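Before any comments, here is the structure.
The values are calculated or read from the model by the stated rules, or taken from the named source; none is laboratory data. Since the model is a prediction, treat every value here as computed from it, not as a measurement. When we count neighbours, we look across all protein chains shown, and the Cβ atoms used for this are built from the backbone with ideal geometry, even at glycine. Accessible surface is based on the protein model in full, side chains and every heavy atom, while ligands, DNA and RNA are left aside. Shrake-Rupley method; radii C 1.70, N 1.55, O 1.52, S 1.80 Å.
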Amino acid sequence: MADNATGPVEPLVGIIGGSGLYDIDGLEEKEWRTVETPWGPPSDDLLFGRLHGLRCVFLPRHGRGHKISPSGLNYRANIDALKRVGCTDVLSLSAVGSLKEELPPGHFVVIDQFIDRTFAREKSFFGTGCVAHVSMAHPVCSRLGDALEGAARGLGLPVTRGGTYLTMEGPQFSTYAESVLYRSWGCSVIGMTNMPEAKLAREAELCYATVAMVTDYDCWHEGHDAVTVDQVVKVLFGNADNARALVKAVLPVVGQGRDLCTSGCDHALEYSLITAPAARDPEVVAKLGVVAGRVLNA
Ligand SMILES: CSC[C@H]1O[C@H](OP(=O)(O)O)[C@H](O)[C@@H]1O
Ligand SMILES: Nc1ncnc2[nH]cnc12
């Protein structure tokens, strides 16, 4: 292991707020700051502040006012920006459609797997000039998952631990045939944003976990109309209050000093680089400074 992969870690928690979550209330010492990255601009300025005295950073995934569509998001810039400002842990909060009867609107799912059906997005920081292959076998940090589950249960929120999030390209919602197909695959929920976000967080050696907040039954459920934005928005404003309460409850748990992540997220690049040092393109390597500097400069 590169000798800079040691603890203890002073965590800084980044929160990516999805649809309906464009701000975090109750933040002290609040300040929006512009962050530039080699991958272009992130979705918006980053909001810095303190909750219960603990520092955290918030990024509205679609920008304030929800200006950017799922396919138009600069996922690389968002993840690089969070790492660049010192984040070690990323909590993703997302609105989703339910693919299971037992996950009704208002329910929270602490995701543990993803299926990536997106096709029109930049999915890696690496490529020609510096190739790396990280493991995505276990895409979610189970330490963060434990903390989110505990906090949700402590608040009495309806929560399920574990579930597969199917990421579709969008922006249109699924056809009935697609919805039925994804159900037959055993998927729990459907959304448009968590891939490649989770892949990029892994490449950047960030601990990442998603709380999926159910807003609708997509279009497969006979007893419910096919999803509309109107319906999603109605439910997600209720969900958003619960999401904010969850963030407040989980921060004191995940914000405490710790050793290296027991899930291995923070040394994911350890055995992943395959391009020989002499064959690496210096320009590509320079771009990767924040994301992979730990291993590239070891
Ligand atoms: C407004 S419904 C569709 C929209 O909501 C979800 O976004 P996010 O994950 O950022 O909450 C879904 O993935 C779509 O982007
Ligand atoms: N049914 C659905 N499909 C895709 N993304 C969603 N976000 C919220 N509901 C959704």
Next on the checklist: If amide hydrogens are placed 1.01 Å from N in the peptide plane, which non-local residues have theirs closer than 5 Å to the one on Trp32?
Outcome noted: Phe48
Checklist entry - For segment 218-298, what is the charge dipole size about the Cα centre, in debye to the nearest 20, if Lys and Arg each add +1 at the Cβ and Asp and Glu each add -1 at the Cβ? => result 440 debye
Checklist entry - Which is farthest toward the positive dipole end of the chain among Tyr217, Leu47, Pro158, measuring Cα position about the Cα centre, with Cβ charges +1 (Lys, Arg) and -1 (Asp, Glu)? => result Leu47
Item to check | Burial ranking of peptide ranges 222-230, 113-121 (average Cβ count within 10 Å, highest at the top) | outcome: 113-121, 222-230
Checklist entry - Once amide H atoms are built 1.01 Å from N in the peptide plane, which residues 5 or more positions from Val90, or in another chain, come under 5 Å H to H? => result Gly14, Cys207, Tyr208, Ala209
Checklist outcome for this item: Between the alpha carbon centres of segment 60-128 and segment 230-291 the gap in Å comes to 10 Å
Checklist entry - In percent, what relative contact order does the chain have, based on Cα pairs under 8 Å that are 6 or more apart in sequence? => result 27 percent
Checklist entry - Around Phe114, which amide H atoms from residues at least 5 apart in sequence, or from another chain, sit under 5 Å from its own amide H, with H modelled in the peptide plane? => result Tyr165
Checklist entry - Considering only DSSP beta bridges whose two residues both sit in segment 1-156, what percent are antiparallel, to the nearest 5? => result 50 percent
Item to check | Compactness index (Cα Rg / 2.2 N^0.38 Å), the chain | outcome: 0.97
Item to check | Fraction of antiparallel bridges per DSSP, the chain only, in percent to nearest 5 | outcome: 35 percent
Checklist outcome for this item: Restricting to Cα pairs under 8 Å and 6 or more apart, the percent relative contact order of segment 156-211 works out to 39 percent
Checklist outcome for this item: Surpassing 28 Å at the alpha-carbon level, of the pairs Lys83/Lys234; Lys67/Lys100; Lys83/Lys248, are Lys83/Lys234; Lys67/Lys100
Next on the checklist: So if I restrict to the alpha-carbon atoms in segment 1-80, what is the Rg, and what is Dmax, the biggest pairwise distance, in Å?
Outcome noted: 14.2, 43
Checklist outcome for this item: Highest mean packing first, using Cβ neighbours within 10 angstrom, the peptides 281-289, 190-198 sort as 190-198, 281-289
Next on the checklist: Charges at C-beta only: +1 for Lys and Arg, -1 for Asp and Glu. How large is the resulting dipole of the chain about its Cα centre, in Debye rounded to 20?
Outcome noted: 280 debye
Checklist entry - So how exposed is Trp32, as accessible area in Å² (1.4 Å probe, rounded to 10)? => result 70 Å²
Checklist entry - In angstroms, what radius of gyration and Dmax does segment 250-295 have, counting Cα atoms only? => result 14.8, 44
Next on the checklist: Could you sort the peptides 14-24, 50-60 by per-residue average Cβ neighbour count (10 Å cutoff), highest mean leading?
Outcome noted: 14-24, 50-60
Next on the checklist: Checking understanding here: applying a Kyte-Doolittle mean of at least 0.5 and a length along the axis of at least 15 Å (C-alpha), which whole DSSP H helices in the chain pass?
Outcome noted: 229-254
Item to check | Ratio Rg/Rh, restricted to segment 88-204 and using Cα atoms, in which Rh is the Kirkwood radius | outcome: 0.98
Checklist entry - From the residues Met192, Pro38, Val57, which one has its Cα farthest along the dipole of the chain in the positive direction, the dipole being from +1 and -1 charges on Cβ of Lys/Arg and Asp/Glu about the Cα centre? => result Pro38
